[in-house]
1. Looking only at residues that are hydrophobic (A, V, I, L, M, F, W, C) and modelled with pLDDT of 85 or more in segment 113-139, which one is surrounded by the most Cβ atoms within 10 Å (Cβ to Cβ)?
2. For segment 69-102, how many residues are farther than 22 Å from Ser157 by Cβ and without any contact (Cβ under 8 Å) to a residue 12 or more places away in the chain?
3. Inspect all residues belonging to segment 159-166 and state whether any of them is more than 25 Å from Glu68 (Cα to Cα), of a type in the set (Phe, Trp, Tyr) and not in a helix (DSSP H, G or I).
4. Quick one: in segment 160-184, of everything that is free of Cβ contacts under 8 Å to residues at least 40 places away in the same chain and farther than 24 Å from Thr49 by Cα, which residue is surrounded by the fewest Cβ atoms within 10 Å (Cβ to Cβ)?
5. Select from segment 213-232 the residues that are touching a residue at least 40 places away in the same chain (Cβ under 8 Å) and under 22 Å from Ser151 (Cβ atoms) and list them in ascending order.
6. Taking the condition of being outside any loop (DSSP other than H, G, I, E, B) and within 25 Å of Ala193 (Cβ to Cβ), how many residues in segment 1-41 meet it?
7. Can you tell me which residue among Gly186, Gly167 is more than 20 Å from Leu81 (Cβ to Cβ) and at pLDDT below 85?
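The values are calculated or read from the model by the stated rules, or taken from the named source; none is laboratory data. Please read all numbers here as calculations on a predicted model, not as lab measurements. Please note: Cβ atoms are built from the backbone with ideal geometry, for glycine as well, and neighbour counts cover all protein chains shown.
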Amino acid sequence: MSTNGTPLIEIRNISKYFGSVTALNGVSMSVYPNEVMCLLGDNGAGKSTLIKTLAGVHQQSDGQYLVEGQEVLLNSPRDALNRGIATVYQDLAMIPLMSIARNFFLGSEPTKGQGLFKRFDVKFANRIARQEMAKMGIDIRDPSQPVGTLSGGERQSVAIARAVYFGAKALILDEPTAALGVKQAGVVLRYVAQARARGLGVIFITHNPHHAYAVGDRFTILKRGRTFGTFTKDELSREEMVRMMSGADELEAMSHELKEFERTDQLRGEGKMSEVDHVLVQSLGESEKALPKKEE
């Protein structure tokens, strides 16, 4: 991994507002060629809004968005694609009943013939799909088979190979391992590493620190629309990453609550507190909180 030269994508103090709601607040990050930048955050951290801003679905309200050193204001996902920024979403934008080759060229179908006799070039599509999948380490049996017959990991590889073939320089992956088992997640992580080896800059969005740590070169932690900064593996351990994502204060408060539940459960188990008593104790506790405090 090299961070010399100009980043493929760089955002500086990006903010995004939806009316009175602040979805992103001063977010900065960058990705270079031959690098996997992991963007981590729990549900509700603002990852989806940031993805859509990078992909041209949304425009930032404040801040700068630079592509290869030039400031841009993307008006649509097509603008992003034209600048070499490809986004692979969780749903993959595939049609399960259509063939692998048709899904590979979906929206950019190769044709042969002229005028009314123009038709989809099946042989060319099958050959290219097979070649590009082989570069990703997948030897597909038949490019004409429905894409729905592939495993989740293999479908991810089709989407990644498609983005690379159509000239992507930066690849944004939206939770590619979220719905996969352990084995298939490992397959996808290998594809991510292969995309990096082919010179792409990869932004890998995930809420799983174990997957991120396996392939990431640098890590940006996002929480409630803000970033804690960008770190390398030497600067951030896996355990510290988990604490930053979840919040040490919240974890500590939760541990106290769990201990209290454990204590009351133990009392009930010993017969010292009935179920009714337990409910009453909880109700009284809530009532006390609601009462105004007496002046001394």
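1. Here the residue is Ala129.
2. Count: 4.
3. So in segment 159-166, the residues more than 25 Å from Glu68 (Cα to Cα) come out as none.
The answer is no; no qualifying residue exists.
4. Restricting to residues being free of Cβ contacts under 8 Å to residues at least 40 places away in the same chain and farther than 24 Å from Thr49 by Cα, the top hit is Val182.
5. Correct list: Val215 only.
6. Residues in segment 1-41 being outside any loop (DSSP other than H, G, I, E, B) and within 25 Å of Ala193 (Cβ to Cβ): 12 in total.
7. Residue meeting the stated conditions: Gly186.
Listed here are the residues, each with its yes/no results for (1) hydrophobic (A, V, I, L, M, F, W, C); (2) outside the structural domain of Leu173 (by TED's automatic domain parsing); (3) surrounded by fewer than 21 Cβ atoms within 10 Å (Cβ to Cβ).
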{"position": "Val27", "(1), (2), (3)": "yes, no, no"}
{"position": "Val31", "(1), (2), (3)": "yes, no, no"}
{"position": "Asn43", "(1), (2), (3)": "no, no, yes"}
{"position": "Leu73", "(1), (2), (3)": "yes, no, yes"}
{"position": "Gly107", "(1), (2), (3)": "no, no, yes"}
